[in-house]
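Written below as structure tokens is the structure these notes are about.
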Amino acid sequence: LADASRATGDGDWRRDAKQVLGFLRRFLAHPDGGWSATVDADLGGHGADKPSLLGEDYYALGSQARLDRGLPRTDTRRYAQVQGLIISAYARLSSSLEDQRLLPEAHAALAYAETKLRSGEGYRHAEGQEGLYLQDQATMLKGLLSLFEATGEEALLQRAQQLASFLDARFRTP
């Protein structure tokens, strides 16, 4: 959405991007800056007291009717990959929407990743997990570079270079 908005200048893309931001903030944001992974499409099916409802039927309902039925299950685990994607999305949207108010949210996601997921020069898959996976490192690198491009903060570029060196050393096939 950020790229489409920037490339076309079409207000529909900007509007859609703002709606997605509202959804993310409402359902996936954590007060400490990290972001949950997903929201199920279907209602119920995870021990919920209310009957199950397929996502296509649930989302066909109006907003109030959906709220009356309850909310689908949110996977509250916070993965490095998701943090990297959020950092990148918020940084890129801040540029395309010309809205610097989005940058603190990108910085908060980075702060969460640095304090809760960082392990040496890389990032653990999730809190309490020891694995360092390529996808997590690559998306965090993308997030760092996107945030650097949006802010010009030299420390972000230095951290991105450090992570790139770690990626090369850890994941390169001989």
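The values are calculated or read from the model by the stated rules, or taken from the named source; none is laboratory data. No experiment lies behind these values; they were computed from the predicted model shown. Every residue, glycine among them, receives a Cβ derived from its backbone with ideal geometry; neighbour counts consider all protein chains shown. Quick note on the areas: whole protein, heavy atoms, side chains included, nothing else; ligands and nucleic acids left out. Shrake-Rupley method; radii C 1.70, N 1.55, O 1.52, S 1.80 Å.
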Out of L93, L71, L85, L61, which single residue is at pLDDT below 90 and among the hydrophobic types (A, V, I, L, M, F, W, C)? L71
Could you please let me know if S52 is touching an Asp or Glu at 6+ places or on another chain (Cβ under 9 Å) and open to solvent by 60 Å² or more (accessible area, probe 1.4 Å)? yes
Can you tell me how many residues within region 1-26 are exposed (fewer than 14 other Cβ atoms within 10 Å of the Cβ) and aromatic (F, W, Y)? 1
Candidate set: region 134-167, residues that are free of Cβ contacts under 8 Å to residues at least 12 places away in the same chain and either part of a loop (DSSP other than H, G, I, E, B) or hydroxyl-bearing (S, T, Y) (or both); chosen: the one most open to solvent (accessible area, probe 1.4 Å): E153
Listed by first then second residue, the pairs whose first member lies in region 1-15 and is within 22 Å of L85 (Cα to Cα), whose partner is modelled with pLDDT under 85 and open to solvent by 70 Å² or more (accessible area, probe 1.4 Å), with beta carbons under 9 Å and at least 6 positions apart or on separate chains, are W13/L1; W13/D3; W13/R6; R14/L1
So which of E130, E98 ends up being on the phi > 0 side of the Ramachandran plot and either open to solvent by less than 40 Å² (accessible area, probe 1.4 Å) or outside any helix (DSSP H, G or I) (or both)? E98
Against the conditions (1) touching a strand residue (DSSP E or B) at 6+ places or on another chain (Cβ under 7 Å); (2) closer than 30 Å to E127 by Cβ, where does G33 fall short? Just the number, please. (1)
Which numbered condition Q100 fails, given (1) at pLDDT below 95; (2) under 14 Å from A164 (Cα atoms): (2)
The one condition in (1) modelled with pLDDT of 85 or more; (2) over 17 Å from the mean Cα position of the chain (by Cα); (3) part of a loop (DSSP other than H, G, I, E, B) that D49 fails to fulfil: (1)
Please determine whether any residue of region 122-136 is closer than 20 Å to T76 by Cα, in contact with an Asp or Glu (Cβ under 6 Å, 6 or more places away or on another chain) and of a type in the set (S, T, Y). yes
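Does A41 meet the test of being under 30 Å from Y133 (Cβ atoms) and modelled with pLDDT of 95 or more?
No; evaluated as a whole, the condition is false for this residue.
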Screening G143, G152, G128 for residues that are over 27 Å from A4 (Cβ atoms) and not hydrophobic (A, V, I, L, M, F, W, C) leaves only G128
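Conditions tested, residue by residue: (1) out of contact with any Lys or Arg (no Cβ under 8 Å at 6 or more places or on another chain); (2) of a type outside the set (S, T, N, Q).
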site	(1), (2)
Y79	yes, yes
Q100	yes, no
K116	no, yes
G120	yes, yes
H125	yes, yes
Q129	yes, no
Q161	yes, no
R172	yes, yes
Scan of region 58-84 for residues that are open to solvent by less than 80 Å² (accessible area, probe 1.4 Å) and part of a helix (DSSP H, G or I), ordered by number: Y58, S63, A65, R66, L67, A80, Q81, V82, Q83, G84
